[in-house]
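First up is the structure itself, then whatever we jot down about it.
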Amino acid sequence: DRAAVEAAYSGSMREGRDTYEIEHRVVQKSTGEIRYVHEKCEHVRGESGRIIRSVGMVHDITERKRVEQQVRDRAEQLRLVLHHAPFGIYVRKGNKIALANRALVRMVGAASEDEVIGRDALEMVHPDDREAVRARMAAGMSTNDKGEPFEQRYMRLDGTPFWTEATPQPIEWEGERGALVFLRDASLRERLR
């Protein structure tokens with residue numbers, strides 16, 4: 001990281017900035033261990049306005065970097081689980097779909113997540129079932145707080161209805177009330193009845 005650190009320092013001098021900050025790696029001489037640091041430097045100017053010295057601090061952020069990497073790794077693992085799940089999953093934030101997995105995209109006949117994300121979640125519900133869904137949403141789904149599934153009709157994007165076994169769970173998503181919804185296609189079971 002030497003070139004980047006040198007560029008940050010010399011760039012701040014050349015551009016006449018009073019400070020610079022950079023995160024980089026250092027190698028501990030005694031152990032050879034690589035640590036991550038946040039370096040912040042402030043230039044001191046003389047009476048003429050010219051920089052006469054630089055004062056800085058270096059803060060060890062190795063633990064923060066380790067935790068950030070763990071969070072990224074966990075997020076990637078969860079993304080893989082979500083997108084490879086064999087049933088539809090979506091997150092409703094307010095009334096809008098904020099997240100949808102591949103199975104849901106296929107289930108509703110969309111070409112990509114972009115066709116689903118941002119839509120009003122009630123648009124996917126069969127018109128005859130929307131009032132019941134609105135009532136559950138208004139009640140915070142307290143009638144289904146044990147995670148028990150119920151049958152409900154949904155609509156594909158082409159307008160074709162299909163039966164599902166829906167299991168919504170109330171959640172907060174990005175600071176807003178919503179739901180995590182699991183959908184299993186129940187069309188075959190309905191046809192066999």
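Report, as a whole number in µm² per second, the diffusion coefficient that Stokes-Einstein gives for the chain at 37 °C and 0.692 mPa s using the Kirkwood radius over alpha carbon pairs.
Details: Rh = 21.2 Å.
Approximately 155 µm²/s, per Stokes-Einstein.
Given N residues in the range 15-124, what is its alpha carbon radius of gyration divided by 2.2 N^0.38 Å? Don't skip to the end; give the middle numbers.
Numbers: Rg = 24.5 Å, N = 110, 2.2 N^0.38 = 13.1 Å.
Normalised by 2.2 N^0.38 Å, the Cα Rg of the range 15-124 equals 1.87.
For Arg53 and Ala4, compute 0.36 nm times the residue count separating them, minus their Cα-Cα distance, and round to one decimal in nm. Could you put the intermediate results ahead of the total?
Working: separation 49, 0.36 × 49 = 17.64 nm, distance 2.02 nm.
Once the chain is fully extended between Arg53 and Ala4, it gains 15.6 nm.
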Sites Ala111 and Thr31, calculated FRET efficiency, Cβ-Cβ separation with R0 45 Å, nearest 0.05: 0.25
The range 30-107-the range 1-15 distance, computed between alpha-carbon centres (Å): 23
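Give, rounded to the nearest 20 debye, the magnitude of the charge dipole that the chain has about its Cα centre when Lys and Arg contribute +1 at Cβ and Asp and Glu contribute -1 at Cβ. Each step should come with its number before you reach the end.
Working: 33 positive and 33 negative charges, 54 e Å.
The calculation lands at about 260 debye.
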Potential lengthening between Arg14 and Thr62 on full extension [0.36 nm per residue; Cα-Cα distance subtracted]: 14.3 nm
Proximal aspartates and glutamates relative to Lys93, as straight alpha-carbon distance under 18 Å, when same-chain residues fewer than 8 apart are discounted: Glu113, Asp114, Glu115, Asp120, Glu123, Asp145, Glu172, Glu174, Glu176
Gaussian network model of the chain, springs between alpha carbon atoms under 10 Å - residue of Phe87, Phe150, Phe182 with greatest fluctuation: Phe150
Accessible area of Thr19 in the full protein assembly, 1.4 Å probe (Å², nearest 10): 60
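The values are calculated or read from the model by the stated rules, or taken from the named source; none is laboratory data. Just so it is clear, the model here is predicted, and its values are computed rather than measured. Neighbour counts are summed over all protein chains in view; Cβ atoms, including those assigned to glycine, are modelled from backbone coordinates with ideal geometry. Surface areas here come from the heavy atoms of the whole protein model, side chains and all, with no ligands, DNA or RNA. Shrake-Rupley method; radii C 1.70, N 1.55, O 1.52, S 1.80 Å.
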